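Q: What follows is a single structure, and I will ask about it in a moment.
Every number here is computed from the coordinates shown, using simple stated rules; none is lab data. Everything numeric here is computed off the predicted structure, so don't read it as measured data. As a convention, Cβ positions derive from the backbone with ideal geometry for all residues, glycine included, and neighbour counts pool all protein chains shown.
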Amino acid sequence: MRVLTTENNWKTLSTKTVYENAWLELSHREVITPGGSNGIYGLVKFKNQAIGILPIDKDNNIYLVGQFRYAIDEYSWEIPEGGGPLDADPLIAAKRELKEETGLVAEKWTKLGRIHTSNSATNEEGFLFIAEDLNQLEAEPEDTEELQVKKVALSEAVEMVMRSEITDSLSVCAILMAAKLKGI
């Protein structure tokens, strides 16, 4: 019987970058698996950290952003989100993304958690925040963003998650974590 461990028992024999752009790098790796056999692994390394913001008003309403997502070929309702430099404070990116996508500025920020978005294929790390004490200004979306913003009760957003109407991993995690914290 093999003894299980929490240590890294993967051995990387070689790494070859097969694609790279300003946002990510895809590599092909020759490996020896924890079981001792030869194998391959594809790894997507993101060049930014993922940032998700759950803006909550005094009545426990949240703001969702709707947009067509090219990668999944579907329209997606999700929390405001974006990316920030790997070596920077994620809160700085969170404040920028909230204003950019919704026009909202928050006086109170709470770090909600840290997640890995799909840890079987990528090392992407995500940081989640709650933004409260909101003020509405003008949104400043990027030219790649055609966004709708809608306000829904946090309890309704939980139901949207449970009906798989919200499937984005950052959004699902933030909504369910915040609902638990708020007793919803």
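Q: Given 0.36 nm per residue, what is the gain on full extension from T12 to Y70 after removing their alpha carbon distance, in nm?
A: 17.6 nm
Q: Skipping prolines and chain starts, which residues have an amide H placed within reach, meaning under 5 Å, of the one on L54, given they are 5 or more residues away or on another chain?
A: Placed amide hydrogens put F129, I130, A131 under 5 Å from L54.
Q: Between L26 and R96, what is the FRET efficiency for a Förster distance of 25 Å, r being their Cβ-Cβ separation, to the nearest 0.05?
A: Calculated transfer efficiency: 0.40.
Q: I would also like to ask the following. Expected output is a single nm value to one decimal: the length gained when fully extending between T110 and K180, i.e. 0.36 nm times separation in residues minus the C-alpha distance. What is it?
A: Full extension of this stretch gives 23.8 nm more.
Q: For the ranges 150-161, 96-107, what's the packing order if you count other beta-carbon atoms within 10 Å of each residue, average per peptide, and put the highest first?
A: Ranking, from highest mean packing down: 96-107, 150-161.
Q: Run the quick spin-label model on S120 and M162: label points 7 Å from Cα toward the beta carbon, then report their separation in nm to one decimal.
A: Between S120 and M162, the label points sit 2.7 nm apart.
Q: Listing D89, D59 from the residue with the fewest other Cβ atoms within 10 Å to the one with the most, what is the order?
A: Listed from fewest to most nearby Cβ atoms, that is D59, D89.
Q: Report ³J(HN,Hα) in whole Hz for each residue of segment 145-156, in order, from the Karplus equation J = 6.51 cos²θ - 1.76 cosθ + 1.60 where θ = phi - 60°; Gly and Pro get x.
A: So the J values, rounded to whole Hz, are 10, 10, 10, 10, 10, 9, 9, 9, 5, 4, 4, 5.
Q: Find, among the chymotrypsin sites (Phe, Trp or Tyr not before Pro) in segment 108-137, those assigned to loop by DSSP (not H, G, I, E, B) with at most 12 other beta-carbon atoms within 10 angstrom.
A: In loop regions of segment 108-137 (DSSP not H, G, I, E or B), there are no sparsely surrounded chymotrypsin sites (Phe, Trp or Tyr not before Pro).
Q: For K58, give me every one of the aspartates and glutamates with a C-alpha distance below 16 angstrom, ignoring sequence neighbours fewer than eight places off in its own chain.
A: E107, E132, D133, E156
Q: Mind scanning K16/K111; K45/K95; K11/K95; K47/K111 and naming the pairs with a C-alpha gap bigger than 31 Å?
A: Listed pairs above 31 Å: K16/K111; K11/K95.
Q: What angle, in degrees between 0 and 90 and rounded to the nearest 10, separates the Cα long axis of helix 169-182 from the longest principal axis of the Cα atoms of the chain?
A: 60
Q: Where nothing but the Cβ of Lys and Arg (+1) and of Asp and Glu (-1) is charged, how large is the charge dipole of the chain around its Cα centre, in debye to the nearest 20?
A: Using only the charged Cβ atoms, the result is roughly 940 debye.
Q: Follow-up. Assuming a viscosity of 0.692 mPa s and a temperature of 37 °C, what translational diffusion coefficient in µm² per second does Stokes-Einstein assign to segment 1-135, Rh being the Kirkwood radius over Cα pairs?
A: 190
Q: To the nearest 500 deg cm²/dmol, what mean residue ellipticity at 222 nm is calculated for the chain from DSSP H runs of n ≥ 4 alone, each contributing -39,500 (n - 2.57), summed and divided by the residues?
A: -6000 deg cm²/dmol
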